[in-house]
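All of the numbers you see were taken from the coordinates with simple rules; none came from a lab. Treat the numbers as computed from the prediction; the structure is a model and nothing was measured. Methodologically, a virtual Cβ is constructed for each residue, glycine included, from the backbone with ideal geometry; neighbour enumeration extends over all protein chains shown.
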Amino acid sequence: MARFFLTILYALVLQSVVGQKIISIESSKFALVMQTDDLNRLHHIYLGEKLSHPDEYSKISKSLLYNGNNEDVFNNAYTPSGTWNIAEPALQITHSDGNPSTELEYVSHNIIRMSDNVYLTTILLTDPVYKTEVNLFFKVYQNENTFEQWTSIENKEPQKIELKKFASANLYLRNNDFFLTQFHGSWAEEMQPETHSLTHGMKVLDSKLGTRAHLYAPPTFMLSMDGVSTEETGKVLLANLAWSGNYKFEFEKDRYDNLRLIAGANSYGSEYQLNPQEQFETPHFIYTYSENGRGEASRNMHSWARKYRIYDGEGERLTLLNNWEATYFNFNEEKLVGLFGGAKDLGVDLFLLDDGWFANKYPRNSDRSGLGDWTENKAKLPNGLGYLVSEASKIGIKFGIWIEPEMVNPKSELYENHQDWVIRQPDRKEYYYRNQLVLDLSNPEVQDYVYGIFDTIFTKNPEIAYVKWDCNAVVYNAYSDYLHNKGLPQSHLYIDYVKGLYAILEKVRKNYPKVPIMLCSGGGGRVDYGALQYFTEFWVSDNTAPIDRVFMQWNDSYFYPSIAMSAHVTNWDQKSSIKFRTDVASMGKLGFDIVVDELGEKDKLFCQEAVKNYDSFSNIIWHGDLFRLQSPYEKPFACFQYVDKEKDRSIVFSYLVSDRFQTMYSAEPVKLQGLDPIQNYTVKETNLYPGTRTRIDEKVIYSGEYLMKIGFNPEVSARRNSVVLEITAVTN
Ligand code: GLA
């Protein structure tokens with residue numbers, strides 16, 4: 001009891017001296033509030049829905065009775081290490097004299113209005129002894145309720161310092177419970193969710209794969225508070241690290257049951273040296289928060305991504321026919337030109353030539369050779385790419401091409417001539433991933449080479465209209481000849497690889513601003529908001545079986561808008577109907593990877609109609625709002641709805657994902673969302689397979705209120721396992 005009173009007394013004394021500075025960073029709905037203490041250390045005091053009277057934030061710290069033995073610092077806004085801190089740090093520095101301790105004190109902050117919608121708050125912290133400076137950046141997108149947070153660290157010491165840990169963000173969430181939804185996967189089984197309650201101690205999500213770092217665990221998560229969020233209810237934070245390399249998210253539930261969240265590039269094997277006056281900027285951590293469930297949170301993120309992040313995120317996209325599954329490596333000029341007609345026949349915009357078109361000394365006839373030698377294979381393409389581009393254009397389609405410029409097969413001329421450009425251990429056995437190695441992008445000469453691959457193709461063939469940029473191998477044998485020769489530490493490799501990649505992509509975008517580029521990585525092995533600032537879309541997975549895709553696209557859709565998700569109709573799963581495959585692909589950026597001439601008459605007719613339909617509603621899929629109406633994890637059918645901004649048109653996709661009981665699965669109506677309650681609508685079934693009749697009476701008129709309160713039954717069943725409905729406002 002005596003201890004209790006002493007604690008209270010101490011707290012009261014403490015409160016009388018704390019609270020010099022309050023920094024509140026707000027979007028239209030959400031606030032992140034920090035405050036300094038009596039030692040000028042900066043703490044998080046609030047993260048949640050913003051208050052109507054911001055002056056009330058000053059009352060918060062009085063009610064936080066953290067005190068005594070270091071407990072009051074768990075909520076530090078950027079936790080340093082080596083002095084008072086005994087929790088997981090955000091920052092670890094070995095100073096120029098070898099001292100491993102850092103303190104950070106608040107110095108100043110400023111807010112810059114970048115536009116009506118975007119504000120940037122910068123907070124300067126310094127170490128009072130070593131003078132090293134840390135700037136915390138918070139860029140807030142008001143309407144999208146999205147925060148972009150990062151840190152820069154500047155060496156103000158007379159000698160080199162070493163950064164041992166350098167998080168982008170260190171947040172503190174106060175709540176009674178936390179449920180983490182994380183994702184894992186592998187090739188052909190990307191984005192599988194797991195939700196669990198966070199217990200005390202540390203939970204870590206990370207990757208150490210180097211390049212396609214997200215293959216097993218993408219850098220993205222969802223955190224629910226007050227129970228597991230649903231689409232329409234609950235407090236939820238959605239986050240993504242904009243970094244195409246090793247990352248680490250640390251979730252530490254502390255003794256107050258609150259959550260310390262530390263997010264950034266993985267410091268594993270990545271100690272980074274800074275010369276005097278040199279600065280290190282961390283990757284950017286993107287997050288959005290909602291108290292109305294994950295549906296609103298993901299629409300926030302989609303709007304932000306389309307407007308501010310994805311390359312040409314508010315633009316148009318090209319539909320295409322790809323030849324990967326249609327031919328694999330086995331093609332020649334004649335065969336390809338033969339396939340062009342199929343693209344025309346389907347009505348898509350473009351033909352995409354995949355892997356296998358290059359290399360002569362070691363022809364690229366399988367994935368075992370040729371990668372790195374980017375000249376047309378003379379046996380397959382005697383007249384070069386130019387001929388293909390012009391043949392495509394003769395029949396009125398565009399032409400695109402696959403490259404994998406960051407990689408090399410040991411069986412290649414590039415490897416023979418430039419072993420020093422390859423990430424490999426000089427004196428050890430080489431280990432391969434898909435028979436290949438990764439080029440050392442920390443080396444500026446290699447960056448020029450990789451840029452040159454892109455540039456040469458386009459200089460020779462300026463009409464090429466699309467690029468699929470692949471990345472199939474992880475980094476084994478991490479070692480850089482370049483860093484060694486420069487006297488730089490090997491531990492710079494993982495970070496400098498990604499910086500090198502971004503430098504190349506910057507130059508690609510500067511010189512080729514128009515060309516759409518798909519981000520591919522042996523399926524969906526590399527997707528994040530760092531890469532997507534250069535790419536118009538990404539390949540979700542090599543697995544295009546429609547049922548698997550329903551789940552993957554469902555999970556990807558928490559973070560990424562449909563305009564960025566490439567989805568193709570292929571023969572991966574021939575047991576599923578062409579309609580099911582096409583309907584699922586129509587929820588993304590539609591493409592095909594089939595031999596069109598081998599389609600049966602009705603299948604072909606269906607695809608042609610589906611392309612026309614897609615052209616008529618793609619605007620809604622690409623730019624509209626997504627409502628996930630029925631989760632395939634909860635019922636045997638899934639339902640997705642897209643609504644245009646004007647609430648005039650909506651497309652609803654429903655799919656049977658399990659037919660264990662062979663009955664009607666959507667026994668009841670599904671409540672629609674996002675419509676105008678006072679508007680009247682018709683409901684029409686589209687993408688009907690030739691010769692089938694709809695069960696939907698398109699003459700009935702429904703109010704928006706009815707469709708949202710009572711709902712509409714898509715009548716999904718084993719015989720109707722994929723149903724696409726078009727909801728259209730009735731104009732008088
Ligand atoms: C990766 C991609 C595929 C295809 C092959 C070509 O696996 O994911 O779509 O491009 O490479 O080798």
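If you plug the beta carbon distance of Lys21 and Val204 into 1/(1 + (r/R0)^6) with R0 = 45 Å, you get a FRET efficiency near 0.90.
Compute, for the stretch 320-594, the length of the dipole vector about the Cα centre, with Cβ point charges of +1 (Lys, Arg) and -1 (Asp, Glu) only. Units Debye, rounded to 20.
Details: 28 positive and 35 negative charges, 60 e Å.
That gives a dipole near 280 debye.
When the C-alpha to C-alpha distance is required to be over 20 Å, the pairs from Lys344/Lys394; Lys208/Lys248; Lys589/Lys699; Lys165/Lys307 that qualify are Lys589/Lys699; Lys165/Lys307. With the cut-off at under 15 Å, measuring from each backbone N in the stretch 379-415 to a point 7 Å along the Cα-to-Cβ line of Tyr512 picks out 385-386, 389, 399-407.
When the Cα atoms of the chain are enclosed in a convex hull and the volume is divided per residue, what value in Å³ results? Write out the running numbers ahead of the final one.
Details: hull volume 128.7 nm³, N = 732.
Looking at the chain, the number lands at 176 Å³ per residue.
Think of it as helices only: each DSSP H run of n ≥ 4 in the chain is worth -39500 (n - 2.57), and spread over all residues that comes to -6500 deg cm²/dmol at 222 nm. Residues with beta-carbon under 14 Å from that of Pro444, excluding Pro444: net charge, scoring Lys, Arg +1 and Asp, Glu -1? Once positives and negatives cancel, what remains is -4. Take the Kirkwood radius over Cα pairs of the stretch 404-451, plug it into Stokes-Einstein at 20 °C and 1.002 mPa s, and you get 196 µm²/s for translational diffusion.
If you take the alpha carbon atoms of the stretch 2-294 and fit the smallest convex hull around them, that volume is 141 Å³ per residue.
The order of Leu64, Leu259, Leu605, going from fewest to most other C-beta atoms within 10 Å of their C-beta, is Leu605, Leu64, Leu259.
Order by neighbour count: Ile93, Ile403, Ile111, fewest other Cβ atoms within 10 Å first, most last.
Values: Ile93 27, Ile403 21, Ile111 14.
Ordered from fewest to most neighbouring Cβ atoms within 10 Å, Ile93, Ile403, Ile111 come out as Ile111, Ile403, Ile93.
For the stretch 530-599, trypsin sites (Lys or Arg not before Pro) are listed when DSSP marks them as loop and at most 16 other Cβ atoms sit within 10 Å of their Cβ; the list is Lys575.
Per the Cα gyration tensor, the stretch 596-722 maps to an equivalent ellipsoid with semi-axes of 24, 20, 14 Å, ordered largest to smallest. Taking the Cα centre of the chain as origin and assigning +1 to Lys and Arg Cβ atoms and -1 to Asp and Glu Cβ atoms, the resulting dipole is close to 660 debye.
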